[in-house]
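Quick notes on the structure that follows.
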Amino acid sequence: LHNDGSSTLNYRAFRLSHDRFLKLWESLTGEDGTPSPSRLLSDMFWAELPWSDINSQLDGINMVDIGCGKGGYSRKIIELSQGVVSSYRGLDVSGREEWASNTSWAKDKGIDVSFEVLNIDSNVDRFDQCVPQDTNFFMSQSCLEHLEDDLALFGAIKKFISRAERKCMQVHLI
């Protein structure tokens, strides 16, 4: 969480008891069907993050979701975090019509949700322009494997964080 690589959060291992796994399985598999096994495990990870601790450590959570697709994680993260996310910006290679309904849903809850088109492979130099300056949490879910140059993205994030005068956190799931 700190620019020097140290952290005051003690969250290094993701382990679930059998009972907790079954409870999450039931709550995360909806009427629209069961997600893929890797997506379900990822959702379990997001559900089990210590959101209130992260919120305390970061002094609020202002999130950027890289490769957000339809923006479904805007709702999912806000719900799983029990509303502690203050703002969410989704970036994706192309705009989606679902972005409008996700933005409207969040506005009704008083949460700032926005989306922006950014092709990271061809425009990584625009990354800083697309990321709100108060961003302190970078996430990606099933995005990195689609980038031609994920190291360029990590370089852009590192540059942003090194200029930030606050704690930041990154979580990238493949």
Across region 142-174, what is the number of residues that are within 17 Å of the chain's Cα centre (by Cα), open to solvent by 10 Å² or more (accessible area, probe 1.4 Å), of a type outside the set (Lys, Arg) and under 18 Å from residue 59 (Cβ atoms)?
5
Scanning region 44-74 residue by residue, those in a helix (DSSP H, G or I), more than 11 Å from the chain's Cα centre (by Cα) and not aromatic (Phe, Trp, Tyr) turn out to be 44, 47, 48, 52, 53, 54, 55, 56, 57, 58
Enumerate the pairs (first residue in region 155-174 and touching a residue at least 40 places away in the same chain (Cβ under 8 Å) and of a type in the set (D, E, K, R); second residue anywhere and outside any loop (DSSP other than H, G, I, E, B) and surrounded by 17 or more Cβ atoms within 10 Å (Cβ to Cβ)) with beta-carbon separation below 6 Å, excluding pairs fewer than 6 apart on the same chain, so at least 6 apart or on different chains.
167/58
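Just to be sure before I move on: is residue 48 more than 16 Å from residue 140 (Cα to Cα), surrounded by 15 or more Cβ atoms within 10 Å (Cβ to Cβ) and out of contact with any Gly (no Cβ under 7 Å at 6 or more places or on another chain) in the structure I sent?
So residue 48 passes the test.
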So which of 22, 16 ends up being of a type outside the set (Val, Ile, Thr) and either at pLDDT below 85 or in a loop (DSSP other than H, G, I, E, B) (or both)?
16
If residue 31 satisfies every condition in (1) surrounded by fewer than 17 Cβ atoms within 10 Å (Cβ to Cβ); (2) modelled with pLDDT of 90 or more but one, which is the exception?
(2)
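Among the candidates 156, 106, 164, single out the residue that is under 21 Å from residue 52 (Cα atoms) and among the aliphatic types (A, V, I, L, M).
Residue meeting the stated conditions: 106.
Which of the residues spanning region 53-67 are closer than 19 Å to residue 105 by Cβ and open to solvent by less than 10 Å² (accessible area, probe 1.4 Å)? Spell out the reasoning first.
Just the residues of region 53-67 that are closer than 19 Å to residue 105 by Cβ, to begin with: 61-65.
Scanning region 53-67 gives 61, 63, 64, 65.
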From the option list 80, 91, single residue qualifying as under 12 Å from the mean Cα position of the chain (by Cα), surrounded by 17 or more Cβ atoms within 10 Å (Cβ to Cβ) and at pLDDT below 95 is 80
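The values are calculated or read from the model by the stated rules, or taken from the named source; none is laboratory data. The structure presented is a predicted model; accordingly, all values stated were derived computationally and were not measured. Note: ideal-geometry Cβ built from the backbone for every residue, glycine included; neighbour counts use all protein chains shown. Side chains included, ligands, DNA and RNA excluded: accessible areas come from the protein's heavy atoms. Shrake-Rupley method; radii C 1.70, N 1.55, O 1.52, S 1.80 Å.
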